Structure formats: C-alpha cells, structure tokens
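The values are calculated or read from the model by the stated rules, or taken from the named source; none is laboratory data. Worth saying up front: this structure is predicted, and the values here are computed from it rather than measured. Please note: Cβ atoms are built from the backbone with ideal geometry, for glycine as well, and neighbour counts cover all protein chains shown. Remember, those area values only see protein heavy atoms, side chains included, never the ligands or the DNA or RNA. Shrake-Rupley method; radii C 1.70, N 1.55, O 1.52, S 1.80 Å.
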Amino acid sequence: MFSSGSVTGSFTEGKRARLYGLLFLMGSSVLLFSQVSDEGIYLKRNASSWAGDLQHQDVRVRRAAAYALGKLNKHTLPYINSLNKVLLQDTDATVRASVANTLGELGGLAPTEVTAGLKQSMEKEKEVAVQRAVVLALGKQGQQAASVEAQIRAFLSHSDVNLRKNAAWTLGQLGPVAEASIPALIKANSDSDASVRAEAISSLGNLGILAQDAIPGIVNGLSDKESLVQEQSILAIRKMGPAASAGISPLLSVAESDQKQITLRQAALVSLEAIWPTGHKDPASWQRLQALVQSAPSELQPTAQRTEKKIGAIRQ
C-alpha cells in the first residue's frame, strides 16, 4: 500500500528504519527532548520531509514520522489531510495510534479537519490500542468534539479498562454537552478499576452543578479503598461548591484521619472551605473543625487554622 520514501543524507533505508526503531525502544527520549526551531526544523528535518515518511514501507519510519509531526505544531498543518489518510488507511495499528496522538496535539490548530478524521476513525477502528489513542485525542479537542459524545459514552462499558478510563476522562473535557453522559458516569463510579472510578468522578466534577445528581456517589468516593479515588472525590466536591454541602462531615472525617496522607487531609480542608454555605452554622461540624485545629500535626496546622478562619467568617 505504501511506497518507499526517498533517502536523505547518507542514510540507507535500512539504517533509517533501525535508527527510528531504536529511538522508540529507548522511549523516544531523543525525539522527546529535541527542540523545534522557529523555522519548523525537528531533528534537522522540516515538516515536508517528515510527512514524506508517512508513506515509507517500514512501520518504524512511518511511526516516527507521525510522532515528529506532532512536535512541529503549526508547521504540520499543511499535512493534516495526509495524517488523516494514514489514520484511516495504514495497515499497522501502532502507526495509526501514533497518528491519533499527533492529531490530538494539533487539534487546537485545525479543529474541524482533525475532528473529522478522528470521528471517522472511531467509527471504523477495531484495534483497542488505536481506539484508546483516538478517544484521548478527541478529549484534547474539548468542546470541539462535542458531536461524538454519545460514541465516547459507549466506551464506558467496553471490556478494556484503559479505554473505559480514557472515555471517562474525555467526557469531562466536552463541556455541557456531556450532561447526557452523567448517568453513565455515575454508573462508572462503581467500576471495578480504581482509575476508571477516579476519572469518572473527575469528569462529574468538571460538569459542576450540572452533575448535582452525582453528589451522593462522589461523596461516597471519599471512603473508597483507593487514595486516587479519594483524591478525585475531594477535588470534584470542591468544584460543586455549596451544592455539595452533604460532603462536610465526610470531608472532616478525611481531615481528621491520621491514617490519611497529609496532602489528602489538606485537600479535604480546602474543599471544606469551598462547600460550606454562607451563614450555615452546623455546630457539630464546627466543633469538630475547632478540635482538629487543636490536635492537628504541625504539617496540617496552617491549613486547619486557615480553614477555621475562613469558615468562621462564612458562618457569620
């Protein structure tokens, strides 16, 4: 399907393929830390040169070309259609995934063209690894990708945990249109995998007051066995504001627990400030907070004192 690209410099085709294969085995560290010049040169090659390698017969060369084009930013824009073609037609899944990653990086520069290619890919792609990359790329486009909300939502029930996780994250980037996904995200709070639960809760937090029905489940996340889920629950509650005042007592329980990490206890106190309603008294919780200020370890004292002062003013 793909023809051989031209040889540049003193490289033979075999040497170039081996070099790019080695770069990726090394975690792409050489590619990652190379700088793009103002003229759009990356690893001594311009976007046109890299784009030519998208048609190379060697998978490693095509994959490296896709990666490099993602680093060239605006200089890659003339080749969006070429990247879309590779995304839809290349026979190698790793190349298609690399292209999807690149399109995600470029999405803000050419949102219409990028969205079109990613949407087509999502409709026909069967390889899970590529689906993961496509879903993440759509999430990086934010509200520009709102038209695919229903398709992304469907991945929340996929058998692949990483695809479910990526779908949960992407839904939180789509803006108000993701309100239709709230019931599915609430269900994902019970996913068997902690990373999926955490991303679902984070996305519900991003939706703010639109996801008010999710507050009980988010509050329950404070007692999840995994600290990652607890952390995202604390942040999501904070984004909900006073509407999440049901989280006052559970947040205090986190802040009071000497079994929790100090950073988690500090985050719970900061969120407590955000959700305490103006004029709300709640003597029992207020007394617990005052007691915590007296007994908190030195690392927690400054945050506890600040929280007491702020909530004291809110209660007036």
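Of all residues in the range 208-231, how many are open to solvent by 20 Å² or more (accessible area, probe 1.4 Å) and closer than 14 Å to residue 183 by Cβ?
Matching residues across the range 208-231 total 5.
Hey, any hits in the range 184-192 for a residue that's in a helix (DSSP H, G or I), over 27 Å from residue 112 (Cα atoms), open to solvent by 30 Å² or more (accessible area, probe 1.4 Å) and among the hydroxyl-bearing types (Ser, Thr, Tyr)?
No, because not a single residue in the range 184-192 is in a helix (DSSP H, G or I), over 27 Å from residue 112 (Cα atoms), open to solvent by 30 Å² or more (accessible area, probe 1.4 Å) and among the hydroxyl-bearing types (Ser, Thr, Tyr).
Just to verify a result, which residue in the range 244-265, among those that are farther than 17 Å from residue 285 by Cα and assigned to a helix (DSSP H, G or I), is least open to solvent (accessible area, probe 1.4 Å)? Can you show your working first?
Going residue by residue through the range 244-265, those that are farther than 17 Å from residue 285 by Cα are 258-264.
Checking the rest, the ones that are also assigned to a helix (DSSP H, G or I) come to 262-264.
Values: 262: 45, 263: 92, 264: 20 Å².
Looking at residues that are farther than 17 Å from residue 285 by Cα and assigned to a helix (DSSP H, G or I), I get 264.
Filter the range 232-243 for residues that are within 18 Å of the chain's Cα centre (by Cα) and among the small types (Gly, Ala, Ser); which is surrounded by the fewest Cβ atoms within 10 Å (Cβ to Cβ)? Explain how you work it out, then say what you get.
Of all residues in the range 232-243, those within 18 Å of the chain's Cα centre (by Cα) come to 232-236, 239.
Now drop any that are not among the small types (Gly, Ala, Ser), which leaves 233, 236.
On the way: 233: 32, 236: 30.
Per the stated criteria, the residue is 236.
Checking the condition open to solvent by 30 Å² or more (accessible area, probe 1.4 Å), aliphatic (A, V, I, L, M), at pLDDT 95 or above and part of a helix (DSSP H, G or I), which residue from 304, 313 passes? Outline the logic, then answer.
Working: 304 fails: open to solvent by 30 Å² or more (accessible area, probe 1.4 Å).
From the options 304, 313, the qualifying one is 313.
Taking helices (runs of 4 or more DSSP H) that fall entirely within the range 43-93, which contain at least 1 residues that are over 23 Å from residue 120 (Cβ atoms) and open to solvent by less than 40 Å² (accessible area, probe 1.4 Å)?
Working: elements: 47-52, 59-71, 80-89.
Correct list: 47-52, 59-71.
Which of the residues belonging to the range 131-174 are among the charged types (D, E, K, R) and either touching a Lys or Arg at 6+ places or on another chain (Cβ under 9 Å) or at positive phi (or both)? Spell out how you get there, then give the answer.
Step one: list which residues in the range 131-174 are among the charged types (D, E, K, R), which gives 132, 140, 149, 153, 160, 164-165.
Matches in the range 131-174: 132, 160, 165.
Would you call residue 34 modelled with pLDDT under 85, surrounded by 12 or more Cβ atoms within 10 Å (Cβ to Cβ), hydroxyl-bearing (Ser, Thr, Tyr) and at positive phi?
On the way: modelled with pLDDT under 85: yes; surrounded by 12 or more Cβ atoms within 10 Å (Cβ to Cβ): yes; hydroxyl-bearing (Ser, Thr, Tyr): yes; at positive phi: no.
No: the conditions fail for residue 34.
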